[in-house]
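Below is one structure, written out as structure tokens; the observations come after it.
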Amino acid sequence: MSDDGERGAPGSGLVNGLAVTLKTMTKRSTTRQYPDVEPDLPPRSRGVIALLEENCTVCMLCARECPDWCIYIDSHKEEVIVPGAARARQRNVLDRFDIDFSLCMYCGICIEVCPFDALHWTPEFEYAELDLRDLLHEKDRLGDWMRTVPPPPAHDAKGEPSKEEATAARKAAGPGAATAAKTARPAVRRTAPPAEKPAPTEKPEPAEKPAPTEKPDLPESGQ
Ligand code: SF4
Ligand code: SF4
């Protein structure tokens, strides 16, 4: 039956079906014989999450924002002696950083909120396990995924340089240039002197008030 509800000739449905089958048979197949043939994935696919441990300051933002509570972090504090400083400084040292990929829903919030670029997406997806518990990736395994993180996209050639690049360029230009750039005052825009005020026009003298008209004498009543 056609879309408008009319019946076609008897057997036309069968012919149409066979035509579709023949067309599909002669077309090139798009099926990938995975795992023999690797799929072509976009470079920014969300596969697994990698950890760059050196960048992590144990700020706990990722663990707090994860909607599935599947990031586990432990740390301890260490004292660092800074030459010239009055007191020793403290820094966090990461002891444990695990992500449970059996709970993760790949929302990417942890990567978005990390202020120090310690978490990255990689397109690597071949980490299926027979045991669910093996989907808990520990610090070393997460760090190992860093080798599969694609390089960041190139900067826009027409974009403004980042703050860090501008500072580095100023430093490279020498201390004089940096001081000059800091102390340079904005150019003063000369504006035309204000036009002289027009002389106040003399106020016209108010016209003389008309003399009050005398009241007419009222006729005396005959009481
Ligand atoms: S991708 Fe989402 S669910 Fe997975 S660990 Fe990060 S924040 Fe949690
Ligand atoms: S948000 Fe980034 S720096 Fe903070 S604990 Fe997570 S991975 Fe480390």
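Here are the numbers:
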{"quantity": "Top-ranked residue in the stretch 137-154 [being in contact (Cβ under 8 Å) with a residue 24 or more places away in the chain and assigned to a loop (DSSP other than H, G, I, E, B); ranked as surrounded by the most Cβ atoms within 10 Å (Cβ to Cβ)]", "calculated": "V149"}
{"quantity": "Any hit, the stretch 13-29, residues being surrounded by fewer than 12 Cβ atoms within 10 Å (Cβ to Cβ), within 30 Å of E112 (Cβ to Cβ) and at pLDDT 85 or above", "calculated": "no"}
{"quantity": "Test for C70: is it surrounded by 12 or more Cβ atoms within 10 Å (Cβ to Cβ), more than 10 Å from ligand 2 (Cβ to nearest atom) and hydrophobic (A, V, I, L, M, F, W, C)", "calculated": "yes"}
{"quantity": "Meets criteria (within 16 Å of ligand 2 (Cβ to nearest atom), in a loop (DSSP other than H, G, I, E, B) and either farther than 19 Å from C62 by Cα or touching a helix residue (DSSP H, G or I) at 6+ places or on another chain (Cβ under 7 Å) (or both)) for F116", "calculated": "yes"}
{"quantity": "Top-ranked residue of the stretch 73-85 - restricted to ones that are surrounded by fewer than 16 Cβ atoms within 10 Å (Cβ to Cβ) and among the β-branched types (V, I, T), ranked as farthest from ligand 2 (Cβ to nearest atom)", "calculated": "I81"}
{"quantity": "Residue in the stretch 36-63 that is surrounded by the fewest Cβ atoms within 10 Å (Cβ to Cβ), counting only those that are away from ligand 2 (no atom under 16 Å from the Cβ) and touching a residue at least 40 places away in the same chain (Cβ under 8 Å)", "calculated": "P42"}
{"quantity": "Matching residues in the stretch 124-136 - criterion: being farther than 21 Å from I71 by Cβ and either at pLDDT below 95 or surrounded by 16 or more Cβ atoms within 10 Å (Cβ to Cβ) (or both)", "calculated": "E126"}
{"quantity": "Count - residues of the stretch 140-175 that are of a type in the set (A, V, I, L, M) and either touching an Asp or Glu at 6+ places or on another chain (Cβ under 9 Å) or within 30 Å of D98 (Cβ to Cβ) (or both)", "calculated": "4"}
{"quantity": "Residue check, A211 exposed (fewer than 10 other Cβ atoms within 10 Å of the Cβ) and at pLDDT below 80", "calculated": "yes"}
{"quantity": "Complete set of residues in the stretch 53-101 that are more than 15 Å from ligand 1 (Cβ to nearest atom), in a loop (DSSP other than H, G, I, E, B) and either among the hydroxyl-bearing types (S, T, Y) or out of contact with any Ser or Thr (no Cβ under 9 Å at 6 or more places or on another chain) (or both)", "calculated": "T57, I81, V82, P83, G84, A85, A86, R87, A88"}
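The values are calculated or read from the model by the stated rules, or taken from the named source; none is laboratory data. All values derive from a computational prediction rather than experimental measurement. Note that we place each Cβ from the backbone using ideal geometry, even for glycine, and neighbour counts take in every protein chain shown.
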